[in-house]
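Structure, as structure tokens:
The values are calculated or read from the model by the stated rules, or taken from the named source; none is laboratory data. Quantities reported herein were computed from a predicted structural model and do not represent experimental measurements. As a convention, Cβ positions derive from the backbone with ideal geometry for all residues, glycine included, and neighbour counts pool all protein chains shown. When the accessible area is computed, the model is the full protein with side chains, heavy atoms only, and any ligands, DNA or RNA have been set aside. Shrake-Rupley method; radii C 1.70, N 1.55, O 1.52, S 1.80 Å.
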Amino acid sequence: MTTLLEEPRAARAQNPQTSCSMDHYLALPDHAMDARIAAARKRLGAQAVILGHHYQRDEVFRFADFTGDSYKLAKSAASTDARYLVFCGVHFMAESADILAKPSQQVILPDLNAGCSMADMAEIGQVESAWQQITRAGVNSIVPITYINSTAAIKAFCGERGGMVCTSSNARAAMEWAFARGEKVLFLPDQHLGRNTAFALGIPLESCVVWDPYVINGGLTREQIERATVILWKGHCSVHQRFLPEHVDHVRAAHPGIRVIVHPECRWEVCRKADGIGSTEKIIQMIDDAPPGTSFAVGTEMHLVSRMARKYATQGKTIVSLGDQGCLCTTMYRISPQHLAWALENLVDGNVVNRIQVRDDVKHWARIALDRMLQAVPQQERAAA
């Protein structure tokens, strides 16, 4: 049987059954994409690499050449000689890959609708306005830090103002770096990671205030801004914020002896009740290091939890989601086998679709913010990012 990839391009354009229209792909079932994705990968060879984030659905994740968190994937892709970096993740991740990529590399996001609600909560105009208001309040010794889960524009904002980027693994080292250079920190865009990191450094909760961009002066008085040590942006992860302290109590009652481990994007109250807190890579490592027979309730995205549950069941370990509703990243879920097949088959035809390209001026300052992280953060923490 002739595959789509074997047909001449002219014949394909005349044949609606083999058209490269995205609408045609979406009308087909997931399993119909498997052979087409495999064939396209074979045709492209070393010209393309597929990057799969941990939260990606299994039907796409299994085709990835590299898997991991956003920064790890961007760094891994940049180390290759591939011409095309097909990022199965969300928009800010593809931007980070473009910032770190070689000039000869092009980054592709199979579905442009795959965004990140957390990254969208810190819009560059809002952040610039907040910075003006904060500095007008007499605060000059302040260093901005942005979580890597932010837009390229926010990364550039921090780079241009003496700040840096951090990951969930190295947020503590980043905050220590910032306090060596200023009296206060503006932490973007995840308030929970910022609060949990500050608390781990011994900064009391009352010294952390939340800036709400939709309220005049962020909803804070001049006195609150002056007294604050950390100003947290009012942003959050829609997945991790859904975990509640009651979930921890419930799972402990239902499974005596279970270990609760959560991502630092979870609420402070949830992290206080947990047995362990860590980035996605650290969560995987904690489970991997545990002896057979250990049971875990994990507070993170459902696709990763389910994947770990299957993998570690063979080692006699039990893994369940901390939440009884199974929290999944709906924006990550937008990348489907159909989108991946469409992007790859277009590359086979010489068409680059959905390219993510960060403006040169933004890329310059965003890269500086990332480079500061590389210089300031210990090697072992960078490796786990």
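I need every pair where a residue in segment 30-47 that is open to solvent by 80 Å² or more (accessible area, probe 1.4 Å) has its Cβ under 7 Å from the Cβ of a residue that is aromatic (Phe, Trp, Tyr), sequence separation at least 6 or different chains.
GLN47/TYR84
How about segment 330-350: which of its residues are modelled with pLDDT under 85 and surrounded by 18 or more Cβ atoms within 10 Å (Cβ to Cβ)?
Selection gives THR331, MET332.
From the list LEU193, LEU205, which residue is closer than 20 Å to GLU176 by Cα, loosely packed, with under 14 Cβ neighbours inside 10 Å and not polar (S, T, N, Q)?
LEU205 is the lone residue from the list that is closer than 20 Å to GLU176 by Cα, loosely packed, with under 14 Cβ neighbours inside 10 Å and not polar (S, T, N, Q).
Return yes or no: is GLY235 closer than 19 Å to TYR312 by Cα and either in contact with a Phe, Trp or Tyr (Cβ under 7 Å, 6 or more places away or on another chain) or buried (at least 18 other Cβ atoms within 10 Å of the Cβ) (or both)?
No.
For the condition open to solvent by less than 10 Å² (accessible area, probe 1.4 Å) and more than 17 Å from the chain's Cα centre (by Cα), what is the one hit in ILE368, ILE287?
Answer to the selection: ILE287.
Is segment 243-256 home to any residue that is assigned to a helix (DSSP H, G or I), touching a strand residue (DSSP E or B) at 6+ places or on another chain (Cβ under 8 Å), under 18 Å from VAL320 (Cβ atoms) and among the basic types (Lys, Arg)?
yes
Restricting to segment 176-190, name every residue that is without any contact (Cβ under 8 Å) to a residue 40 or more places away in the chain and open to solvent by less than 10 Å² (accessible area, probe 1.4 Å).
Within segment 176-190, just ALA178 meets the criteria.
Just wondering, is there one or more residues in segment 155-170 that are of a type in the set (A, V, I, L, M), modelled with pLDDT under 95 and not in a loop (DSSP other than H, G, I, E, B)?
No: segment 155-170 contains no residue that is of a type in the set (A, V, I, L, M), modelled with pLDDT under 95 and not in a loop (DSSP other than H, G, I, E, B).
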